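This report refers to the structure that appears directly beneath it.
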Amino acid sequence: MPAQKKCAARFRSGLLPIIATAWLVTIGIARASDVDSEHLFGFTEGADIGKKGEREAETETIGRFGKSGGSYTALTQNNQVKWLPVENLRVGANVAVAYFDIGGVSGLSDARLVALQGVSFDARFHLMDRHSGPFGVTLIAEPRWGRIDATSGETSTGYGGIVTLAIDRELIDDCLFGTFNVLYDSQAIRKPLPENWIYDSKIGVSAAIAARVTPAFFIGGEMRHVRAYDGLGLDQYSGHAIFAGPTLYLQLAKGMAISAAWNMQISGSLAAGGPLDLTHFERQQAKARFNVNF
């Protein structure tokens, strides 16, 4: 039976079979499909990394829009290559170029510029395969170096990194996929004038689902909660934001796909209070990605 007809039949069959199937998956009975889950979920990561010897090129644009007052647009263009030298380990290198258009935003200088933002590296350790176990589990480490501030676009020198734990599973065989992420992000930034160091960190959790509409097309949604702190070790709470929005994924051909996501800050506050945190985060965030294996 074609995948789309099978999915439609499952969803029409009622709530009880869906619950039963999901329960079977939790104890590892339901079959895991051959779908690559890495890019299914927007900003939230899937646990798949590919197979030994595979190479991948990826271009990704991330847009961040809206601060408290004025006009704020920040775009980051990431260009990355990835390689699996051994089973269950993937490494990658990324070059980021940034564009800023800032005007009238409180606490930020007006700016319009395009600049090399920095470089980063990516190592993914696939700890558990969802094809042979109830979950897929991957640990992701992403150290980075930057030459401009990611919020203001001002010249600076930054050292930081993100550690993410991604856990995913197939909720309904061949039809519905889910993932859960926990992340920790810290950085040290040196401002040249006056010369001083700024330290900050973030911790976050996110969850997402993706449903198969056709054999090559998925739609879904995600929700992310991120908390910001002063200091490298989550020393002093400074604000938080909750984002939510839709995602999509389209496989163009074998080993070639596009994906996209749009998130809006639906809740948040600064440590001092307020309806949203538009100091550490933006009102809206979007992502578009193209990837190809070779």
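Here, each number is a calculation from the coordinates, and none is a lab measurement. Since this is a predicted model, take the numbers as computed values, not measurements. Positions of Cβ are generated from backbone atoms using ideal geometry, with glycine treated the same way; all protein chains shown enter the neighbour counts.
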Exercise. For the chain, calculate the relative contact order in percent as a whole number, restricting contacts to Cα pairs under 8 Å that are 6 or more residues apart.
Key: 17
Exercise. Give the label of the value calculated from the structure for Cα extents along the principal axes in Å, choosing from [x] 74, 49, 40; [y] 65, 43, 33; [z] 73, 50, 31.
Key: [y]
Quiz item: How big is the charge dipole of segment 182-284 about its Cα centre, in debye rounded to the nearest 20, if each Lys and Arg gets +1 on its Cβ and each Asp and Glu gets -1 on its Cβ?
Solution: 400
Practice problem: Quick one: what are the phi-derived ³J(HN,Hα) couplings along segment 165-172, Karplus 6.51/-1.76/1.60 with θ = phi - 60°, whole Hz, x for glycine and proline? | Solution: 10, 10, 10, 10, 7, 8, 7, 10
Practice problem: Please name whichever of VAL213, GLN265, MET128 sits farthest to the positive end of the charge dipole of the chain, dipole taken about the Cα centre and charges placed at Cβ: Lys and Arg +1, Asp and Glu -1. | Solution: VAL213
Quiz item: Under unit Cβ charges (Lys, Arg +1; Asp, Glu -1), what dipole magnitude, rounded to 20 debye, does the chain have relative to its Cα centre?
Solution: 660
Quiz prompt | Estimated D of segment 249-294 in µm² per second, where Rh is the Kirkwood radius over Cα pairs and Stokes-Einstein applies at 4 °C, 1.567 mPa s | solution = 100
Quiz item: Just for the Cα atoms in segment 31-145, what are the lengths along the principal axes, largest first, rounded to whole Å?
Solution: 54, 26, 19
Practice problem: Per DSSP H run of at least 4 residues, take -39500 (n - 2.57); add these up for the chain, divide by its residues and hand me the 222 nm value, nearest 500 deg cm²/dmol. | Solution: -2500 deg cm²/dmol
Quiz prompt | Pairwise Lys count, the chain - Cα closer than 25 Å, eight or more residues apart or different chains | solution = 14
